[in-house]
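Right, one structure below, let's go through it.
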Amino acid sequence: MAEFDERLQSDHLHDAWSLLDEYYSFCQLAGQRKKLEQQLQDANIPLTHVPWKKLVSTILCQRLFFDNELKDMSCNTLDCCTESDIVASQTTINTLLESYHRDEKESNLTDTWFEINELKQRFQQAANNMPINRPARKEMLHKILGYPTGYVDEYTELEIDNNQNNNKQLDLTRVLTNDEQHQMDTGDLIELSGYRLHDAFYVYRLPQKGIWSQIQEMWLKHQIKDFVFQDEQTNPDEDVEVDIILIPAKDEYGYGVPYLFATRANASLPDGALYKYVDINCPLIARHTQNPTIVLVQKHLAKLLQNPVYQDEYIGDEMTVDPNRFPQEYVATVHINHDAIDNIRWTRLAHYDGTKPAIDLNDNRDIFYSRRILEAEEQYRQKQSSKNTIE
């Protein structure tokens, strides 16, 4: 796990990820436009009274109109959206949003956990709903934002001249093939965007198929106990017999090592990894009492239970934990290039709705997924051990 897995890096994968990212961006802008249209409707202001430049800038700023802007629009007729442009825009927006069933609580692509086949389905969804060539995509974007029909900017002619190489159809049959999936090992690090240490995901192979769907169902139910995993019938003819999960590298640019890899030896981590994220409240992590990282975190934890103030070596500031919430609502971030006890930061995690702290860390998505995976593996090992004993 010392280097990025070059076997899985390809222009096909990078192109598919880029298209998906652009598709999501377009859908988010379309959703923002819908919010503005609803605001105007509630204020009894027709779109034909809205200056198109104001509409464009407000959508891009991801905000609603201010009260003074609404007041000015109520009697404005200059440089406004036309009926024909409005109809064309709304047709494009409605078609796009009909294809987009993203969970409101789901974070951006870089922070999303993917099962390989789920990700491939999203690639296909983007390919089905986005034009092939760049000028057509730009025209779609202009309709979403509210530009007048035929609007031309200073870059349009240059884009048309350079577009002869941008009309190729994306071949999704060559993206994350079954052969590539067979080559994936837990701990491999994949760069989906093609840029070093950006959009980085760790591979994790679950012990059997069906576990990931059960974890997702538990999360959607906000289940907080009785995490028992059932064996599911699988097709023996399937080429890939387990769930393969892509876990976002934490922090920006792939420097953070997710909770599931907290007990991995530092020497086996990818080049460029700076931090380990440690859920010390998880018994299946805390039981690694001989692991250097866990020993370090436990020592720092014991120290803070005596005195909740500590010096953050990395940022050079004095930090404090809430003794009434520590450690049950906190996770540790360990700088892996040093082994000093003060080289640890503590963070109180957010609830799944993002508006308050996670009093039970099972309310935090990354923690929930990580703990359930470890528990599923533990249950699988116990079942296998029982079967071997009986045999």
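The values are calculated or read from the model by the stated rules, or taken from the named source; none is laboratory data. The structure displayed is predicted, hence computed values, not measured ones. Note that each Cβ is placed from the backbone with ideal geometry, even for glycine, and that neighbours are counted across all protein chains shown. Keep in mind that these areas ignore ligands, DNA and RNA; they rest on the heavy atoms of the full protein, side chains included. Shrake-Rupley method; radii C 1.70, N 1.55, O 1.52, S 1.80 Å.
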Open item on the list: Which count do you get for residues in segment 34-53 that are open to solvent by 70 Å² or more (accessible area, probe 1.4 Å) and either within 13 Å of Leu145 (Cα to Cα) or not polar (S, T, N, Q) (or both)?
Closed with: 4
- [ ] May I ask you to verify whether Asp15 is under 30 Å from Ala200 (Cα atoms) and at pLDDT 90 or above?
- [x] yes
Task: Within segment 72-87, tally of residues that are in contact (Cβ under 8 Å) with a residue 40 or more places away in the chain and either loosely packed, with under 15 Cβ neighbours inside 10 Å or farther than 17 Å from Tyr151 by Cβ (or both) - done: 2
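Is one or more of the residues making up segment 216-239 in contact with a Leu (Cβ under 7 Å, 6 or more places away or on another chain) and either at pLDDT below 85 or farther than 20 Å from Glu375 by Cα (or both)?
Residues of segment 216-239 that are in contact with a Leu (Cβ under 7 Å, 6 or more places away or on another chain), as a first pass: none.
No, every residue in segment 216-239 fails to be in contact with a Leu (Cβ under 7 Å, 6 or more places away or on another chain) and either at pLDDT below 85 or farther than 20 Å from Glu375 by Cα (or both).
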- [ ] Go through Thr92, Thr77 for me and flag whichever is of a type in the set (S, T, N, Q), over 30 Å from Pro248 (Cβ atoms) and within 32 Å of the chain's Cα centre (by Cα).
- [x] Thr92
Open item on the list: Being polar (S, T, N, Q), within 30 Å of Gln216 (Cβ to Cβ) and open to solvent by 50 Å² or more (accessible area, probe 1.4 Å) is true for just one of Thr333, Thr355, Thr320. Which residue is that?
Closed with: Thr355
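Collect the residues in segment 201-227 that are of a type in the set (A, V, I, L, M) and not in a strand (DSSP E or B), keeping them in residue-number order. Break it down into steps so the answer makes sense when it comes.
Restricting attention to segment 201-227, the residues satisfying the condition of being of a type in the set (A, V, I, L, M) are 203, 206, 211, 215, 218, 220, 224.
Answer for segment 201-227, where residues must be of a type in the set (A, V, I, L, M) and not in a strand (DSSP E or B): Leu206, Ile211, Ile215, Met218, Leu220, Ile224.
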- [ ] Filter segment 54-71 for residues that are open to solvent by 70 Å² or more (accessible area, probe 1.4 Å) and either under 20 Å from Thr91 (Cα atoms) or touching a strand residue (DSSP E or B) at 6+ places or on another chain (Cβ under 8 Å) (or both) and give the result.
- [x] Leu60
- [ ] Kindly check whether there is at least one residue in segment 155-162 that is open to solvent by 70 Å² or more (accessible area, probe 1.4 Å), more than 21 Å from Pro258 (Cβ to Cβ) and either at pLDDT 75 or above or touching a strand residue (DSSP E or B) at 6+ places or on another chain (Cβ under 8 Å) (or both).
- [x] no
Open item on the list: Return the residues of segment 16-27 that are under 21 Å from Thr58 (Cβ atoms) and surrounded by 16 or more Cβ atoms within 10 Å (Cβ to Cβ); say none if nothing qualifies.
Closed with: Tyr24, Phe26, Cys27
Open item on the list: Among the residues in segment 296-316, are any of a type in the set (Val, Ile, Thr), in contact with a helix residue (DSSP H, G or I) (Cβ under 9 Å, 6 or more places away or on another chain) and in a loop (DSSP other than H, G, I, E, B)?
Closed with: no
- [ ] Looking only at segment 267-276, decide whether some residue is open to solvent by 70 Å² or more (accessible area, probe 1.4 Å) and among the hydrophobic types (A, V, I, L, M, F, W, C).
- [x] yes
Task: Candidate set: segment 173-184, residues that are in contact (Cβ under 8 Å) with a residue 40 or more places away in the chain and not in a helix (DSSP H, G or I); chosen: the one surrounded by the most Cβ atoms within 10 Å (Cβ to Cβ) - done: Leu176
